[in-house]
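The values are calculated or read from the model by the stated rules, or taken from the named source; none is laboratory data. Note that the coordinates shown come from a computational prediction; the quantities given were computed from them, not determined experimentally. Here the Cβ positions follow ideal geometry from the backbone for every residue, glycine too, while neighbour counts run over all protein chains shown. Quick note on the areas: whole protein, heavy atoms, side chains included, nothing else; ligands and nucleic acids left out. Shrake-Rupley method; radii C 1.70, N 1.55, O 1.52, S 1.80 Å.
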Amino acid sequence: MKVKILCRNPDDYVRETKKDIQKVPRNYDPTLHPFEVPREYTRALNAVKLERVFAKPYLASLDGHRDGVNCMAKHPESLATILSGACDGEVKIWNLTKRECTRTLQAHEGFVRGLCVRFCGTSFFTVGDDKAVKHWNMESPGYGEQEEPLHTILGKTVYTGIDHHWKDAVFATCGQQVDIWNEQRSSPMRSFTWGVDSICSVKFNPIETYLLGSCSSDRNIVLYDMRQATPLKKVILEMRSNTLCWNPMEAFMFTAANEDYNLYTFDMRFLDMPVMVHMDHVSAVLDVDYSPTGKEFVSASFDKSVRIFPADKGHSREVYHTKRMQHVISVKWSSDNRYILCGSDEMNIRLWKANASEKLGVLTPREKSSLNYSQKLKEKFQHHPQIKRIARHRHLPRAIYSQAKEQRIMREARRKKEMNRRKHSKPGSVPLVPEKKKHIVAVVK
Amino acid sequence: MAKEEDLFYSEHPVSASEDEGDSDEERKHRKLLEAIGSLDGKKRRKLGERTEASLQVSEFSVSSEGANNKIELSELLQPIKASSSLVTLKKQLNKVKHNAAVELPLSKEETQRIQRQVAYEKASKDITKWDRIVLQNREADQLVFPLNQEQLAVKPIEEVLTTWKARTPLEQEIFNILHKNKQPVTDPLLTPLEEASLKAMSLEEAKLRRAELQKARALQSYYEAKARRAKKIKSKKYHRVQKKGKQKEALKEFETLKMKNPEAALEELQKMERVRIEERMSLKHQNSGKWARSKAIMAKYDQEARRAMQEQLDKNKELTQKLQVVSDSDEAQVEEETLVPASINEVQVSTDSSNPWMLGKLRSDAKDSGIEEELQEPPILSNAGTKNMMEEEEELSEEETLLQEFEERRHLRKQQQKEEDREVEQSSGEMDPDKRQTSDLEDDKKDEQILDSEDIFQNLLNHNGQPDELGRSPTCAMESDANGLEKIADEPSVREEGPFLAEQLQRAQTMEEVGALGREEWAGGEEVQTDAVTREEEQQTMITVPEEKKNKRKKNSLINLKRVLSSSSRTIKTPALPTAVEEEEEEEGNQKLIIKEAFAGDDVIKDFLKEKRSSEQAGKPKNIDLTLPGWGEWGGTGLKPSTKKRKRFLIRATPGPPRKDHKLPNVIINEKRDLLAAAHQVNELPFPFNNCRQFQSSIRAPIGATWNTQRAFQRLTTPHVITKQGHIIAAMTDEDAFQSTQAAQQAKPAYSLNPQKPRTRRKPADAPQPLSSSAKEARRFSASSGASSTAVSCHRTFSGKGWRECDCA
């Protein structure tokens, strides 16, 4: 007699090898797994709490400078190398993995105003208050050899900034004018002047490499084309911009760090209105650097904090500060998108995680997937008040906190006053000016 | 002053040399004229005129006397005679004369501005080529950095070989050696020698050879496959048949050989003899090998193993038997002869009484020679009996035999039913061998149990031996066996006769049923049965020996019957269903009554209505009474403001929107905001969403692994930006941007989340799940994919009846 029995094919549930994933037969019928939203909400809440628990961004401090760190430069080939120039004319090369200084050289008398590494990473340029542009070898000199620059160019005026072309043997300096130099020549290939005021920073566009942008003390941001005889255009803001940084993934976007506590992201084709005004700092913004993905940038401010802004958001997503960190003068985002370096007045370079709660080191696949999941949950429920509150919560130093509060009140008062004025005057006589336009004085062709 | 000026201006340096006298006079004359002219009070301001010396005098003796008259260009052509070609030129010159002067060049600032404008326009035009890429990257679900990652690809071996060169000294050395031996380096397939040999073979030859080889290979593979198939056949029967067939074949061959070629046959015979001798020498089939030992372990549980062992032994016997080509005249002799080796074997094996072989041997012997078995068996059994079954192994073996017996009996029963009639007749004849034992039983009551067991074995022996002894059919033997059982049954029946005897036929049925239950169920069955057994039977079943269990089994089976008979009269009172049903109808009324009684006091419906009304009242906007007593009239205790005043100062509340439950009589919907829940609720519509439903559905689609398949979960939780640890992300360049866009375009069809494709691909994995859930999963998946793209989102919503899908643009 044939007996009918229930049978299962072992192939369906037995692993072929020990390292195969264990297949767990699972019924996804929603009726069996109810309360999806509340459960995921709870998970999101936990995830966001954990994120705050694990948010420990500060990694290390590189000390050794004997004066404020005025400028920094990333090495284009090596992630572990960073260069810094101090206010006493000293340049240090650091090894980040060992967290130690590998080389020190007295580059200039007075400030090292600018520092840039050649695109190949074999040498670097410095400019200083002693009106000199110096070209140094990246390799330290052999034993008993003098620390000497490869070339020195003595100018007539002080150079305040320098940047190297991303592909060619060309670099640009700024001071009284913007000069484009060929590495082989001792006189500039081309000089751009527009107006008389001094120019405090110049930057090459990393994508369209012939384009340059500069910030000058007469509140201008000027764009140049290396191939043309004249500058391209300039925009005058309410206050002076300290520096600017081009987006490394979006050729026409750049962000300028302004003295009026804000950062302005411009599309170079539409200079009459910035694409975004980033406000959160409570003092002048001194430096800005884009993340290599072009999605975010980091800004250093005189208010002793470093903030990370999404490139398309008006407010920062993160603020870093420590008790001992003074005015942050320079900041860099590492080329692997993981770390942030900031050099400050009190002679230290600090290393931060770009993502405060990120776990460093190799992650197991399970960890990875769970982190991804919690990230997605946070995104999904980001508008829920509790989650938003926890995610946004940051501890701030009293100075920044009170300053921010004060500014908020001021802004509110101004808004109210304008509103009242508009209310009590002839319709149309007090026009409604959007925030983005408020800070632009003029665009000069 | 003016005059002086004039004078001054009119003064000319005298440069002429030749006509000095003339010019001097003339000058004086003019001066005079001028002086006179200036006397008449009119202030004639005359522009200072610079006269050139050449007016008067020229070193080329050309006077410029007509200097004041302008010369027209056309006049220059006068001396030339008019011709047709010159007319046009003249006209052109006239035209030129009428044109305005060329504009002044622009100022430096102006020119620079224009230059800047042009340059800026050009630059911004150039840079717009990035628009598409930037937009694409901004909207991408996922970005992987660094952008231009080189994809690992396996290079073809030829490429590697051709590009590879010996660099290190070791490699070079090796290559030198290879070169010396004319070993090809780049194409290392054939040495020159091999090539030469290849050349030696002609094409046709090679083809033929190849075909041959092919054929041979095909054949080989075919046979291999066949053999493999045959080898894989697990059916024992098949193999047995196969073997038998082979044997038959061999026999037939032998026969034919005998007829045709007696010498060859003799040789064959000798060969067989030799095999036999070898077998006797080697004791190959004595069940002493590794395989046999393993089988011995299995034999306890496995019928097949037992049979295999048996076969082995048979084979041994067969081989050790001396072949007799002669007729079966001296069969007895043969038997006697065969007895000897068998006994030898037995002696060897029987040293270990626990060895299951021994039993197997016994049986096999029994088939062959019943006499011997009869001689040998009883002592063993009696031994077992007297030793009181101290050794477990023995017990086991006995158990085994019993089980066998039982099985056989089961087979028998089937046949028995057919041959019931015959059975009756034959049973009378077969009584004799057993009677002796029954009489023994009657004699000694103390030995009853032991004897019972003996009896069973006797039965076993009987049905084994009988065919040989009496030359009867196996069915008959079984019948006798059944009789034996009946005998055992008779023992209790000494005390309880009548009904028991009558039940015998039925008992057989029960036995069969019990047999069908299988061995494992026995223990349990016994227990149940023993519980039910009456005291009398318990006395009988007071057993210490495991062997007795078998006995008991039989008894139980008997008792079972009896119990059935007796228990039929007993009726257990249980709450049967039908009665309950009947009662329900009666009780329904009762229940209602009880409930009514219990809740006599409270009118729930009324209470509910009251509550609802009160909540409605509480929710209604109230009139505001602004009357102030004492204003405009007398005030004081006991005085009320006039109705007119009250009416005037009463602000009537506008009726609010209707309550949500105003059409639902049985429901109260609380419209107050739950503060605790509100702390977790989103108050305003977040930015990218256009309406509430969109947002709600985006929240409703779960992304966790609890609700999604693994793959969907992975897709749903992929991060937006992936970076590689320790890799420098270089800025975008022309090449990788435009390459990447091309790649993206190529990849797009694969990347687009077409719900059809993944579903079909995933089907095998999801197959065990219920179809509805997999479909749901797919739907959910599509919903999520929609949500990820910014423009259009596809949502899953939950209506009261079930999940449904809705698209909102």
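One table, with the values for the structure above:
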{"read-out": "Test: residue A:102 is of a type in the set (S, T, N, Q), over 21 Å from residue A:203 (Cα atoms) and not in a strand (DSSP E or B)", "value": "no"}
{"read-out": "Qualifying residues in the range A:373-391 (those that are among the charged types (D, E, K, R) and in contact (Cβ under 8 Å) with a residue 24 or more places away in the chain) - the one nearest to the other protein chains (Cβ to nearest Cβ)", "value": "A:380"}
{"read-out": "Residue satisfying condition, being in contact with a Pro (Cβ under 7 Å, 6 or more places away or on another chain), more than 13 Å from every other protein chain (Cβ to nearest Cβ) and hydrophobic (A, V, I, L, M, F, W, C), within set A:300, A:356, A:284", "value": "A:356"}
{"read-out": "Evaluation of residue A:197 against (1) more than 12 Å from every other protein chain (Cβ to nearest Cβ); (2) in contact with a Lys or Arg (Cβ under 8 Å, 6 or more places away or on another chain); (3) among the charged types (D, E, K, R) (one fails), failing number", "value": "(2)"}
{"read-out": "Subset of the range B:137-149 [more than 8 Å from chain A (Cβ to nearest Cβ) and touching a Ser or Thr at 6+ places or on another chain (Cβ under 7 Å)]", "value": "B:139, B:141, B:142, B:147"}
{"read-out": "Long-range neighbours under 6 Å by Cβ, at least six apart or interchain, first residue within 7 Å of chain A (Cβ to nearest Cβ) within the range B:715-736, second in a helix (DSSP H, G or I) and of a type outside the set (D, E, K, R)", "value": "B:716/B:784; B:717/A:372; B:717/A:373; B:719/A:372"}
{"read-out": "Residue B:601 over 60 Å from the mean Cα position of the chain (by Cα), modelled with pLDDT under 85 and part of a loop (DSSP other than H, G, I, E, B)", "value": "yes"}
{"read-out": "Residue B:156 at pLDDT below 80, open to solvent by less than 90 Å² (accessible area, probe 1.4 Å) and touching a Leu at 6+ places or on another chain (Cβ under 9 Å)", "value": "no"}
{"read-out": "Qualifying residue in the range A:219-230 (condition: hydroxyl-bearing (Ser, Thr, Tyr) and either in contact with a Gly (Cβ under 7 Å, 6 or more places away or on another chain) or without any contact (Cβ under 8 Å) to a residue 24 or more places away in the chain (or both))", "value": "no"}
{"read-out": "Positions within the range A:262-275 being part of a strand (DSSP E or B), within 14 Å of another protein chain (Cβ to nearest Cβ) and open to solvent by less than 10 Å² (accessible area, probe 1.4 Å), in sequence order", "value": "A:265, A:266"}
{"read-out": "Residue in the range A:164-174 that is among the acidic types (Asp, Glu), assigned to a loop (DSSP other than H, G, I, E, B), within 14 Å of chain B (Cβ to nearest Cβ) and open to solvent by 50 Å² or more (accessible area, probe 1.4 Å) present", "value": "yes"}
{"read-out": "Wholly enclosed strands (runs of 3 or more DSSP E) of the range A:279-337 bearing at least 1 residues closer than 16 Å to residue A:245 by Cα", "value": "A:285-290, A:296-301, A:306-310, A:328-333"}
{"read-out": "Residue match in the range A:218-228 (condition: closer than 19 Å to residue A:114 by Cβ, more than 10 Å from chain B (Cβ to nearest Cβ) and either in contact with a helix residue (DSSP H, G or I) (Cβ under 8 Å, 6 or more places away or on another chain) or not β-branched (Val, Ile, Thr) (or both))", "value": "yes"}
{"read-out": "Which numbered condition residue B:696 fails, given (1) in contact with a strand residue (DSSP E or B) (Cβ under 9 Å, 6 or more places away or on another chain); (2) open to solvent by less than 70 Å² (accessible area, probe 1.4 Å)", "value": "(2)"}
{"read-out": "Filter result for residue A:157 (of a type in the set (Ser, Thr, Tyr), at pLDDT 95 or above and under 23 Å from residue A:107 (Cβ atoms))", "value": "no"}
{"read-out": "Answer residue from the range A:53-71, given it is within 30 Å of residue A:375 (Cβ to Cβ) and open to solvent by less than 60 Å² (accessible area, probe 1.4 Å) and is farthest from the other protein chains (Cβ to nearest Cβ) among those", "value": "A:61"}
{"read-out": "Among residues of the range A:16-38, those that are out of contact with any Pro (no Cβ under 7 Å at 6 or more places or on another chain) and open to solvent by 90 Å² or more (accessible area, probe 1.4 Å), counted", "value": "10"}
{"read-out": "Unmet requirement for residue A:278, which otherwise passes all of (1) open to solvent by 10 Å² or more (accessible area, probe 1.4 Å); (2) away from chain B (no Cβ under 14 Å); (3) without any contact (Cβ under 8 Å) to a residue 40 or more places away in the chain", "value": "(1)"}
{"read-out": "Any hit, the range A:122-136, residues being within 19 Å of the chain's Cα centre (by Cα) and either at pLDDT below 95 or among the polar types (S, T, N, Q) (or both)", "value": "no"}
{"read-out": "Selection from the range B:629-664 of residues that are in contact (Cβ under 8 Å) with a residue 12 or more places away in the chain, open to solvent by less than 100 Å² (accessible area, probe 1.4 Å) and in a loop (DSSP other than H, G, I, E, B)", "value": "B:629, B:632, B:633, B:641, B:653, B:656, B:659, B:661"}
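Okay, residues lined up against (1) touching a Gly at 6+ places or on another chain (Cβ under 7 Å); (2) within 14 Å of another protein chain (Cβ to nearest Cβ); (3) more than 18 Å from residue A:333 (Cβ to Cβ):
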{"position": "A:74", "(1), (2), (3)": "no, yes, no"}
{"position": "A:79", "(1), (2), (3)": "yes, yes, no"}
{"position": "A:89", "(1), (2), (3)": "yes, no, yes"}
{"position": "A:100", "(1), (2), (3)": "no, no, yes"}
{"position": "A:109", "(1), (2), (3)": "yes, no, yes"}
{"position": "A:136", "(1), (2), (3)": "no, no, yes"}
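This table checks each residue for (1) part of a strand (DSSP E or B); (2) polar (S, T, N, Q); (3) more than 9 Å from chain B (Cβ to nearest Cβ); (4) surrounded by fewer than 23 Cβ atoms within 10 Å (Cβ to Cβ).
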position	(1), (2), (3), (4)
A:208	no, no, no, yes
A:249	no, no, no, no
A:256	yes, no, yes, no
A:260	no, no, yes, yes
